[in-house]
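Here the structure comes first, spelled out in structure tokens, and everything after it is commentary.
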Amino acid sequence: MKKSICFLALMAMLAIHIQAQQPNESMLTVHVNEGSTTISKHIYGHFSEHLGRCIYGGIWVGEDADVPNIRGYRKDVFEALKALNIPNLRWPGGCFADEYHWKDGIGPREGRPEMINTHWGGVVEDNSFGTHEFLEFCKLLGTEPVICGNVGSGTVEEMSDWVEYINFDGKSPMTDLRIANGKEEAWGVKYWGVGNESWGCGGNMTPEYYANEYRRYATYARNYGDHKLYKIAGGANSWDLKWTETLMKNVPNWMMDGISLHYYTVPNTWSNKGSATDFDEKDYFVTLKKAGEMDELITQHSTIMDQYDKDKRIALVVDEWGTWYDVEPGSNPGFLYQQNSIRDALVAGLTLNIFNKHADRVRMANIAQTVNVLQAVILTDETRMILTPTYHVFDLYKPHMEALSLPFHLQSPEYTQENEKLHALSASCSKSPDGTINITLVNIDPKNSINLTCTLDGGEAKNVKGRVITSATITDHNTFDEPAKVAPTDFTDVKIAKGKIEAKLPARSLVLLQIK
Ligand code: AHR
């Protein structure tokens, strides 16, 4: 008897020991009847600048091109973006926005003047893609345009005229011009950025000076009829909290609807950023660590905004984010063309989970950039097109758009590299209008899978299905010869046991669980 008690005690101790030694066990509790914030679909927005092959060759090829097109827009790119249900598209920049003069991009194309794109490779911009081409593309896609006005080298009058040209329905000099150019009805664009990176390429202004400029520009950007503008002030460069503070202090609350924030994930230094596909685990770790800093960055800017806007009326608009590496060898350094691996997919998933977490303040974001530039969702090569791993993440996360954000508690194992640690797992939970619970999980651990046990507090899981994105190595990426190396598949390593969801999340993976 004594012997068997000792044996049982030994076994129990061993069990506890084994439990404690399981570093890759994780618990998630989702409070399915709580939550009060809707995740804005605009968090899943995109950005297209006159930069490299984003617009020309990426979106626009012209009606006479050999590449199959719809009225000049690349058919394959259009269809891929349509399938993604992109909620908004920001244009024309970026740095380009502050040297863009919109009147050069209207009227018969053959008569449009040329300019030099000084920021991006010094190439000739022929203005063949202008206001009409952009807005008709958005209409075709069913996406909301986000237009960034020129504060750096433009005038208040120029921006004011642009708003009138696009939004006024009555008779005026600008509507006459628009009608003469073939567009009878106003488009009615809601989202307007007032300058871009005014602290840098947009004019090298001080925050005090920009705040005054913002007030002038915003005053003359008029609401016409039902077309009430949503005005976004040009915000801070990553950790420049003073910029946000100065804008919040010096611009009346009612004058702006959003303040932007730009943050890029650069693994190394700006002069030696690192390769998109040729990297080791150390680079991988530091990339994910830097991407994860978005959480603290948003917290700090939001805390300042809270002091001036406790009701959170003004949105934090992260209208440029993503990875930034050295350009692909042999490509024009001014074109910012880079490849995109499973590492980028993990950065995207991690970042979108962070945005969802801050959905009460972050109500718009735009990944840079849509096609062929930085963390692109699509790459093209003449007539060929591929979807990047990042594209598949946006597709995976679609159920979160306009869903109710659900509070949750996550216990995550750690991912250790040399002496540094990161949470291996991040999550985001939401409830769709039909009651479906959506959970996105990102396991950044490159070597270890994670066993997840998920409890629905206040609900019962009857049915679960999932999708997964993973790949054999951290550098895996899609190429024009192997376009589906990193692609989503059905996730089968999940079951419901005693009312709990049990899943085995592969190393380097993103998983979507949908529970009914
Ligand atoms: O996205 C590329 C550039 O990065 C944008 O033009 C600019 O706003 C930022 O510095």
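The values are calculated or read from the model by the stated rules, or taken from the named source; none is laboratory data. A quick note: this is a predicted structure, and the numbers were derived from the prediction, not measured. All Cβ positions, glycine included, derive from the backbone under ideal geometry; neighbour counts span all protein chains shown. When the accessible area is computed, the model is the full protein with side chains, heavy atoms only, and any ligands, DNA or RNA have been set aside. Shrake-Rupley method; radii C 1.70, N 1.55, O 1.52, S 1.80 Å.
Of note:
- Members of region 296-325 found to be of a type in the set (S, T, N, Q) and touching an Asp or Glu at 6+ places or on another chain (Cβ under 9 Å), listed by number: S302, Q307, T323
- Of the strands (runs of 3 or more DSSP E) lying entirely inside region 421-516, those containing at least 2 residues that are closer than 24 Å to Q339 by Cβ and open to solvent by 10 Å² or more (accessible area, probe 1.4 Å) are 464-470.
- No other residue among G334, G274 is within 16 Å of the ligand (Cβ to nearest atom) and either out of contact with any Lys or Arg (no Cβ under 8 Å at 6 or more places or on another chain) or open to solvent by 30 Å² or more (accessible area, probe 1.4 Å) (or both) apart from G334.
- When residues of region 149-164 are limited to those that are crowded, with 21+ Cβ neighbours inside 10 Å and in contact (Cβ under 8 Å) with a residue 60 or more places away in the chain, the one farthest from L135 (Cα to Cα): V151
- Test set (1) within 25 Å of E293 (Cβ to Cβ); (2) free of Cβ contacts under 8 Å to residues at least 40 places away in the same chain; (3) in contact with an Asp or Glu (Cβ under 9 Å, 6 or more places away or on another chain) - K242 fails condition number: (3)
- Apart from one condition, A97 fits all of (1) within 13 Å of the ligand (Cβ to nearest atom); (2) at negative phi; (3) under 18 Å from the mean Cα position of the chain (by Cα); the exception is (3).
- Between L135, L140, the distinction of being under 23 Å from the mean Cα position of the chain (by Cα), among the aliphatic types (A, V, I, L, M) and over 26 Å from T383 (Cβ atoms) belongs to L135 only.
- Residue in region 189-205 that is surrounded by the most Cβ atoms within 10 Å (Cβ to Cβ), counting only those that are more than 13 Å from the ligand (Cβ to nearest atom) and not in a loop (DSSP other than H, G, I, E, B): V194
- Residue among I367, I354 that is within 16 Å of the ligand (Cβ to nearest atom) and within 20 Å of G292 (Cβ to Cβ): I367
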